[in-house]
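One structure is given here, and the rest of the page talks about it.
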Amino acid sequence: MGFELEHVVPWGRTLQEYIAMFALTEQDLQKKLLGCADGPASFNCELTRQEGGKICSIDPLYQFDSEQIAQRIEETYGKVMQQLEQNQADYVWRDIPSVLILGEVRLAAMTMFLQDYSQGKLEGRYINGELPYLPFTTQQFELALCSHFLFLYSAHFSYEFHLQAIMEMLRVAQEVRIFPLLDLAGNSSPYISPLLSALPPKYHAEIIPVAYEFQRGGNQMLQICLDTSQRS
Ligand SMILES: C[S@@+](CC[C@H](N)C(=O)[O-])C[C@H]1O[C@@H](n2cnc3c(N)ncnc32)[C@H](O)[C@@H]1O
């Protein structure tokens, strides 16, 4: 089955949130970045506006035009807000103090994305594609990020899919960071441990605590890069 807009619930995060989720430093933000599954996040738009920002985002959502995505946001926004209201106890209301403010932050991020989307597509910053295959050359990027897709949808995508997707990200980028390590139910993804064991020994993987926590207990990211002793 293909990727259908009627099954998508667009929900986008900001540059500030990406910085916190992935512990991105000023130096990281100057790297050649790939955002996998960036969807309607404003990360690409905001980073591009910063001096030195070099970012390419890939998501199957980008097969649709801005009107179609905007319409889908309008159709789903109320329902997501309703679900958040019902499940408030599952989240940490620290940096974002309420469901209402969360809605405003998400809507502002998605509006910024929509305003940037057509131009960004022309510039090759938003590319239609989907994991586990990436239409990029080997080591084209310095750092590949994946926010709220891998591990989060462990109930929907197999372990094999995750392993293949992560190996593909490692093919196109020197370093990979993934956040969160929890699934949608708020449990640690069952794939983490087998995945760490399956990684070829030339890679160094580390689970790193980060400043971001919205899903309760979701304050860790996975960082994978070539073992320094293997680098030429
Ligand atoms: C919950 S959203 C996360 C958006 C953004 N990364 C953020 O954190 O704000 C999940 C995204 O995964 C995308 N997606 C679904 N299947 C995908 C695949 N096979 N490869 C890459 N992205 C995919 C969806 O289109 C959606 O935009």
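The values are calculated or read from the model by the stated rules, or taken from the named source; none is laboratory data. A quick note: this is a predicted structure, and the numbers were derived from the prediction, not measured. Quick reminder, even Gly has a Cβ in these numbers, built from the backbone with ideal geometry, and neighbours come from all protein chains shown. The area values use the complete protein model at the heavy-atom level, side chains included, leaving out ligands, DNA and RNA. Shrake-Rupley method; radii C 1.70, N 1.55, O 1.52, S 1.80 Å.
Of all residues being free of Cβ contacts under 8 Å to residues at least 60 places away in the same chain and part of a loop (DSSP other than H, G, I, E, B) in segment 50-72, which is nearest to Leu34 (Cα to Cα)? Just the residue, please.
Gly53
Out of the residues in segment 78-95 that are open to solvent by less than 90 Å² (accessible area, probe 1.4 Å) and in a helix (DSSP H, G or I), state the one that is nearest to Glu4 (Cα to Cα).
Ranking the candidates gives Val80 first.
Given the conditions (1) out of contact with any strand residue (DSSP E or B) (no Cβ under 8 Å at 6 or more places or on another chain); (2) outside any helix (DSSP H, G or I), and given that Glu75 satisfies all but one, which numbered condition is not satisfied?
Result: Glu75 fails condition (2) only.
Tell me which residues, restricted to segment 24-35, are assigned to a strand (DSSP E or B) and farther than 20 Å from Ser118 by Cα.
The answer is Lys32, and nothing else.
Scan segment 1-23 for residues that are more than 10 Å from Phe43 (Cβ to Cβ), touching a residue at least 12 places away in the same chain (Cβ under 8 Å), outside any helix (DSSP H, G or I) and of a type outside the set (Phe, Trp, Tyr) and report the count.
4
Which residue out of Leu184, Leu152 is within 15 Å of the ligand (Cβ to nearest atom), open to solvent by 70 Å² or more (accessible area, probe 1.4 Å) and part of a loop (DSSP other than H, G, I, E, B)?
Leu184
Restricted to segment 155-169, and to residues that are within 10 Å of the ligand (Cβ to nearest atom) and either farther than 16 Å from Leu199 by Cβ or at pLDDT below 95 (or both), which residue is most open to solvent (accessible area, probe 1.4 Å)?
Here the residue is His156.
Would you be able to tell me the number of residues in segment 187-204 that are among the hydrophobic types (A, V, I, L, M, F, W, C), buried (at least 17 other Cβ atoms within 10 Å of the Cβ) and without any contact (Cβ under 8 Å) to a residue 40 or more places away in the chain?
1
Filter segment 1-16 for residues that are within 9 Å of the ligand (Cβ to nearest atom), modelled with pLDDT under 90 and open to solvent by less than 50 Å² (accessible area, probe 1.4 Å) and give the result.
Val8
Which of the residues belonging to segment 96-133 are part of a loop (DSSP other than H, G, I, E, B) and either away from the ligand (no atom under 15 Å from the Cβ) or open to solvent by less than 30 Å² (accessible area, probe 1.4 Å) (or both)?
Ile96, Pro97, Ser98, Glu123, Gly124, Arg125, Gly129, Leu131, Pro132
Let me spell it out: the conditions are (1) free of Cβ contacts under 8 Å to residues at least 40 places away in the same chain; (2) surrounded by 12 or more Cβ atoms within 10 Å (Cβ to Cβ); (3) not in a loop (DSSP other than H, G, I, E, B), and Cys146 meets all of them except one. Which number is the exception?
It fails just one condition, (1).
What's the number of the condition Asp38 fails, among (1) more than 12 Å from the chain's Cα centre (by Cα); (2) within 12 Å of the ligand (Cβ to nearest atom); (3) modelled with pLDDT of 95 or more; (4) outside any helix (DSSP H, G or I)?
Here Asp38 meets the rest and fails (1).
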